[in-house]
Amino acid sequence: MLYVVIGIVALVLVYFLFLRKGGDEQSEPRPDEAKKGPPSARKKSEPPPPPKRGASEAPPAEPARPVPSARPGASVPPVGAVSAPPPGERQLAVQMLRRGLAKSRSEEGFFGRLRALFGGAKTIDSALAAEIQEVLVASDVGVETSNVLLERVREGLEKGDLSDPDKVWEALREEAQKVLAVEGRTGGIQQIAKPTVVLFVGVNGAGKTTSIGKLATKLTAQGHKVVLAAGDTFRAAAVQQLVVWGQRVGCEVVRGKDGADPGSVVFDAIKKAQESGAGIVLADTAGRLHTKQNLMAEMKKIAKTAEKALPEAPHEILLVVDATTGQNALAQAREFKEALPLTGIILTKLDGTAKGGVVLGIANRLALPVRLVGLGERPEDLREFAASEFVEALLGREEA
């Protein structure tokens with residue numbers, strides 16, 4: 001019996017030591033097969049395979065990129081998609097301007113009416129020239145500026161070219177760009193002194209306070225330290241509006257008592273900017289009727305007070321004009337220019353009118369550069385003005 005038990009134990013040991021071990025070895029791949037991998041992986045065997053990664057370490061097909069904040073009119077391609085390079089800054093600017101000028105580009109607007117004339121024309125005769133002038137005048141370009149444009153087109157084209165509507169259209173665009181290319185400072189606010197003092201003037205309702213708030217937003221985002229001067233002391237709502245903008249943007253707002261001397265508020269704001277190391281002072285003023293000489297005289301006093309606080313201040317005096325007021329905007333600009341050394345125009349609410357030609361009239365009659373244009377309610381809708389981009393947006397073809 002003892003020998004039987006010993007025999008059984010010996011058989012069990014032989015099974016576990018030899019037979020079971022052999023089965024495990026057969027189930028595991030040989031070292032050379034493990035290196036080769038499956039048949040599909042052996043097709044590219046020339047370069048040595050990279051070291052294996054864990055599932056969590058495997059990189060995606062294309063690294064994920066942060067999606068930039070989409071600007072109006074810009075499309076963001078899907079992640080991983082191979083797309084053409086984004087359009088240039090000029091094209092984006094034209095697209096945004098064109099959207100803001102939608103009313104002027106409509107069938108009833110400036111561009112639409114001109115396009116209708118040229119679309120059916122075979123020759124440019126005196127009758128058609130008169131219709132073109134009528135459209136220009138009705139679009140607030142003004143009689144004088146319309147005559148200048150048409151005369152330059154006639155002089156710039158040979159008689160044979162006048163029968164080609166496309167050449168006349170192109171010549172009109174070129175002359176419009178020349179009219180807008182006024183000498184002087186262009187674009188937005190630049191820090192030219194520390195602090196740079198910018199005085200905003202205009203009639204009530206033109207959009208001075210809102211324009212200041214939008215500019216403060218843009219300048220702060222660019223890294224400038226800005227101080228706001230609530231110089232419209234006769235209108236509590238304007239002061240409160242500027243305070244709200246200051247809180248939203250993070251700018252210090254200098255204000256006075258209701259009815260206080262606006263010049264003293266601007267003076268204090270300049271001194272505050274000097275103490276705090278701010279680079280730019282944006283000064284609001286009360287709306288002044290351009291027909292009231294006594295009010296315009298007060299505006300001159302504010303400018304002189306700013307100079308007492310800082311020699312050569314104000315460095316900029318910008319006239320804010322509501323584009324929807326048409327030819328009245330031109331009359332306002334003329335009076336303000338006679339009273340003050342204006343350095344440029346801010347044309348607001350351009351998206352609210354079909355008469356975008358008012359820009360041409362102001363630039364030609366007053367020789368004042370348009371610096372900024374308002375095309376909506378958001379801060380980014382206050383855009384720096386460039387003559388070539390504006391003409392392309394207003395008079396350019398859709399495919400341009």
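The values are calculated or read from the model by the stated rules, or taken from the named source; none is laboratory data. Note that the structure is predicted; figures quoted are calculated from it, not measured. Heads up, the Cβs are rebuilt from the backbone with ideal geometry, glycines too, and the neighbour counts pull from every protein chain shown. Ligands, DNA and RNA are stripped out before the accessible areas are found, and what is left, the full protein with its side chains, is counted by its heavy atoms. Shrake-Rupley method; radii C 1.70, N 1.55, O 1.52, S 1.80 Å.
Quick check: is even one residue across region 256-273 touching a residue at least 12 places away in the same chain (Cβ under 8 Å), among the polar types (S, T, N, Q) and closer than 25 Å to I192 by Cβ? Yes.
Select from region 192-214 the residues that are among the aliphatic types (A, V, I, L, M) and part of a strand (DSSP E or B) and write down the one among them that is farthest from V373 (Cα to Cα). Among those residues, the one meeting the criterion is V197.
Does T217 fit the bill of being open to solvent by 10 Å² or more (accessible area, probe 1.4 Å), touching a Pro at 6+ places or on another chain (Cβ under 6 Å) and assigned to a helix (DSSP H, G or I)? Yes, satisfied. Each residue in region 132-144 was checked for being surrounded by fewer than 16 Cβ atoms within 10 Å (Cβ to Cβ) and closer than 16 Å to A116 by Cα, and 2 pass. Has region 235-245 got any residue that is touching a strand residue (DSSP E or B) at 6+ places or on another chain (Cβ under 7 Å) and not aromatic (F, W, Y)? The answer is yes; a qualifying residue exists.
Answer yes or no: is there a residue in region 271-282 that is in contact with a Phe, Trp or Tyr (Cβ under 8 Å, 6 or more places away or on another chain), part of a loop (DSSP other than H, G, I, E, B) and farther than 25 Å from P369 by Cα.
Pass one, region 271-282, residues in contact with a Phe, Trp or Tyr (Cβ under 8 Å, 6 or more places away or on another chain): 282.
From what is left, the residues that are part of a loop (DSSP other than H, G, I, E, B) are none.
So far as region 271-282 goes, no, none of its residues is in contact with a Phe, Trp or Tyr (Cβ under 8 Å, 6 or more places away or on another chain), part of a loop (DSSP other than H, G, I, E, B) and farther than 25 Å from P369 by Cα.
Taking the condition open to solvent by 10 Å² or more (accessible area, probe 1.4 Å) and free of Cβ contacts under 8 Å to residues at least 40 places away in the same chain, does Q191 pass? Against the criterion (open to solvent by 10 Å² or more (accessible area, probe 1.4 Å) and free of Cβ contacts under 8 Å to residues at least 40 places away in the same chain), Q191 does not qualify.
Name every residue in region 303-349 that is in contact with a strand residue (DSSP E or B) (Cβ under 7 Å, 6 or more places away or on another chain) and β-branched (V, I, T), in order of residue number. Quick ask: steps written out before the conclusion?
Restricting attention to region 303-349, the residues satisfying the condition of being in contact with a strand residue (DSSP E or B) (Cβ under 7 Å, 6 or more places away or on another chain) are 303, 306, 310, 313-323, 329, 332-333, 336, 340-349.
Of everything in region 303-349, those that are in contact with a strand residue (DSSP E or B) (Cβ under 7 Å, 6 or more places away or on another chain) and β-branched (V, I, T) turn out to be I317, V320, V321, T343, I345, I346, T348.
Checking each residue in region 229-245 for being over 25 Å from the mean Cα position of the chain (by Cα) and open to solvent by 20 Å² or more (accessible area, probe 1.4 Å) picks out F234, R235, A236, A237, Q240. Counting only helices (runs of 4 or more DSSP H) that fall entirely inside region 311-400 and contain at least 1 residues that are open to solvent by less than 40 Å² (accessible area, probe 1.4 Å) and over 21 Å from L295 (Cβ atoms), the qualifying elements are 358-366, 387-395.
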